[in-house]
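The block underneath contains the structure these notes are about, expressed in structure tokens.
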Amino acid sequence: MFYPFTKPEIAAAVYPERSDGTGPDLLETNLIDNGQFRTSLPDFWRVSPDGRASLVRGYREDIRLDDPGRWLSPMTVLRETTELVRHARAFARRFPTATAVSFRCTWLGLHGREISDLDPSVYWSPGKIAAADKRITNGEWTVVQLNADWAKVVADLGCPILALFGMDYCSAEMVQGMAPKFVSI
């Protein structure tokens with residue numbers, strides 16, 4: 001997430017913000033449309049000088065499993081949300097005047113997906129299927145909160161996704177308990 005590759009065909013480059021060539025310059029990496037690069041998890045990111053950052057990424061489950069569009073892993077949702085929050089925290093440290101960070105996270109293509117896991121040793125109760133196709137979460141937290149209570153921020157952003165699957169027990173404590181496993185994925 002937000003990795004500044006140096007290989008020329010995938011290295012971050014400067015682009016104008018809008019497709020018509022106007023707007024401020026942004027740093028962008030596009031691993032989705034680049035036909036020269038094959039990756040297990042293509043993504044697209046861009047960062048602006050004023051601190052705005054965007055990330056577009058497909059579901060890891062769709063790339064690794066034989067049945068794309070069918071599964072969603074709670075571990076992946078919370079791990080990638082944690083990664084986003086930790087990157088935001090790191091970016092905020094680079095902006096000395098930053099006092100808060102705003103998030104807007106959108107998950108699409110959820111309808112019909114069932115809770116499962118990429119790791120066959122992790123068991124989630126079967127039959128937890130999303131009826132809704134989309135969930136948007138957002139919020140603003142101070143830089144101090146991102147440092148001191150990151151698990152609550154992750155839970156506030158990620159748990160509403162899992163609630164669509166009937167997982168009403170997602171919490172900051174659950175995120176904190178899963179965190180030691182995040183590095184191994």
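Take Thr142 and decide whether it is farther than 24 Å from Phe44 by Cα and either at pLDDT below 95 or among the charged types (D, E, K, R) (or both). No: the conditions fail for Thr142.
Table: residues versus (1) in the same structural domain as Val144 (by TED's automatic domain parsing); (2) at pLDDT 90 or above.
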{"residue": "Asp33", "(1), (2)": "no, no"}
{"residue": "Gln36", "(1), (2)": "no, no"}
{"residue": "Thr39", "(1), (2)": "no, no"}
{"residue": "Arg46", "(1), (2)": "no, yes"}
{"residue": "Leu65", "(1), (2)": "yes, no"}
{"residue": "Phe103", "(1), (2)": "yes, yes"}
{"residue": "Thr106", "(1), (2)": "yes, yes"}
{"residue": "Glu114", "(1), (2)": "yes, yes"}
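Filtered by the rule that a residue be in contact with a Lys or Arg (Cβ under 9 Å, 6 or more places away or on another chain), under 16 Å from Leu72 (Cα atoms) and surrounded by 20 or more Cβ atoms within 10 Å (Cβ to Cβ), region 159-185 gives Ile161, Leu162, Leu164, Phe165.
Cβ-Cβ contacts under 6 Å between residues 6 or more apart (or on different chains), taken from a first residue in region 99-125 that is within 14 Å of Met75 (Cα to Cα) to a second residue that is surrounded by 18 or more Cβ atoms within 10 Å (Cβ to Cβ) and among the β-branched types (Val, Ile, Thr), are listed as Trp124/Ile115.
Screening Ala131 against (1) free of Cβ contacts under 8 Å to residues at least 40 places away in the same chain; (2) within 15 Å of Ile161 (Cα to Cα); (3) touching a strand residue (DSSP E or B) at 6+ places or on another chain (Cβ under 9 Å); (4) in a loop (DSSP other than H, G, I, E, B) leaves a single unmet condition, (3). For Lys152, are the conditions met, namely being at pLDDT 95 or above, under 23 Å from Asp62 (Cα atoms) and among the basic types (Lys, Arg)? No: the conditions fail for Lys152. Per the listing Thr76, Thr81, the residue uniquely closer than 17 Å to Ala163 by Cβ and in contact with a Cys (Cβ under 8 Å, 6 or more places away or on another chain) is Thr81. Out of all the residues in region 81-92, is one or more touching a Gly at 6+ places or on another chain (Cβ under 9 Å) and outside any helix (DSSP H, G or I)? No: zero hits. Looking only at region 20-31, residues that are at pLDDT 90 or above and among the polar types (S, T, N, Q) come to 1 in all. Beta carbons closer than 8 Å, at least 6 apart along the sequence or on distinct chains, pair a first residue in region 144-168 that is in contact (Cβ under 8 Å) with a residue 24 or more places away in the chain with a second that is aliphatic (A, V, I, L, M) and surrounded by fewer than 16 Cβ atoms within 10 Å (Cβ to Cβ) for Ala151/Ala179; Leu164/Ala131; Leu164/Ala132.
Looking at Val154, Val101 in this structure, which one is in contact with a helix residue (DSSP H, G or I) (Cβ under 8 Å, 6 or more places away or on another chain), more than 20 Å from Trp71 (Cβ to Cβ) and not in a helix (DSSP H, G or I)? None of the others qualify; the one that does is Val101.
The values are calculated or read from the model by the stated rules, or taken from the named source; none is laboratory data. If you're wondering where the values come from, they're calculated on a predicted model, not measured in any experiment. Every residue, glycine among them, receives a Cβ derived from its backbone with ideal geometry; neighbour counts consider all protein chains shown.
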